[in-house]
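These notes concern the structure reproduced below.
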Amino acid sequence: MKWLIAAFSVFAMVVAPVVAHAEEISVSVKGMVCSFCAQGIKKTFSAQKEVEKVAVDLDKKIVSITTKQGESVPDERITQAITDAGFEVVEIKRQK
Amino acid sequence: MSRSYSICAYVAALFLCSSAYANPVSFKGGYGVMPAYNKDWTDLQLNYSLSNRQSVGVSGFYREGLNSSSTFGIGQYNYLLARWNELDSQTNVTFSLGGGGRHDSRRDDALAGYAAVEADYEARRVYSQVLAETLQSGAAVQYEKYRGRVGFAPYNASFDELNTWVVLQLDYMTEMHDPLRITPMARLFYNNVAFELGVSLQGIPFVGGAAHF
């Protein structure tokens, strides 16, 4: 039994980091019509330690956030960051 | 927001009174630099945004008027009175108030005040702005500037591309040698830096810009 628990623990330690996916967050934003004005969004999210990559699509009015593996950014923080940049969140979608 | 509200916001932006890109209020914690140069007037504004609604800053203004030339140093507070965010547009109305001092070529130095109201409407390919601004120092020194702008972008630029705009600027400035100036210009911006270059119908060059960081 002890041997089984030890084996499972080692397995969990090896496998857990591999299955901890990055999160793809898609934020629909109102008022984002100009790249110069939207620089604040990129700057704010890029400064967050959980965030790996930020991309802004002005045509689709979407901010795409890719987190680091195993990390997440709560909706409240996303909404606050978009609001602080002067814009309005319409919808937040998540995909692992 | 309803369509009628959007139309009202646009009309307000047109008739109330400098630019979304050069708005004195940017994002929370953001710094802004806005220089503008003309033959007989120069502006330099530095702002720090306390929030998405308020910023503080310092500005320097130079005006070469009919009777004398004046340099103003102004401490400034800017407040975003209203912002309408739509999926395809944004509209802003900003109020600025400031105080400081004036140095004049022909008069004693004196205290000075500054006030401005500006509104802008911007979509992906269309842009307009109106501005009313006054610099006052005593009864004898009073510079007023009224500005209207319309612009269009010949193509839809993505976030990481060079954005190009063609803009027509109309300035009416009291106490100046050529009070009315109509200036066609090119406005370019890339990432956090904007640059403007134009020549008025009288042949007077205009150079402006802005950077947020």
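Nothing in this text is a laboratory measurement; each read-out follows from the coordinates by a stated rule. On a predicted model such as this, the values are computed, not experimentally measured, just so you know. Virtual Cβ from ideal backbone geometry, glycine too; neighbours counted across all protein chains shown.
Numbers below:
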{"item": "Set A:Lys42/B:Lys145; A:Lys96/B:Lys28; A:Lys49/A:Lys93; B:Lys28/B:Lys145; A:Lys61/A:Lys96 screened for pairs whose C-alpha atoms are more than 25 Å apart", "result": "A:Lys42/B:Lys145; A:Lys96/B:Lys28; B:Lys28/B:Lys145"}
{"item": "Nearest-20 debye value, the protein assembly as shown charge dipole, Cβ charges on Lys, Arg, Asp, Glu", "result": "620 debye"}
{"item": "Cα-based reach from B:Lys39 at 19 Å (exclusive), listing aspartates and glutamates while leaving out same-chain residues under 8 positions away", "result": "B:Glu64, B:Asp104, B:Glu133, B:Glu144, B:Asp171, B:Glu175, B:Asp178, B:Glu196"}
{"item": "Rg/Rh for chain B, where both radii come from Cα atoms and Rh is the Kirkwood radius", "result": "0.96"}
{"item": "222 nm mean residue ellipticity, helices alone, for chain B (DSSP H n ≥ 4; -39,500 (n - 2.57); rounded to 500)", "result": "-2000 deg cm²/dmol"}
{"item": "Cleavage-rule hits (GluC sites (Glu not before Pro)) in region B:93-171: DSSP loop, at most 14 neighbouring Cβ within 10 angstrom", "result": "B:Glu161"}
{"item": "Chymotrypsin sites (Phe, Trp or Tyr not before Pro) restricted to DSSP loop in region B:118-212 with at most 15 other C-beta within 10 Å", "result": "B:Tyr155"}
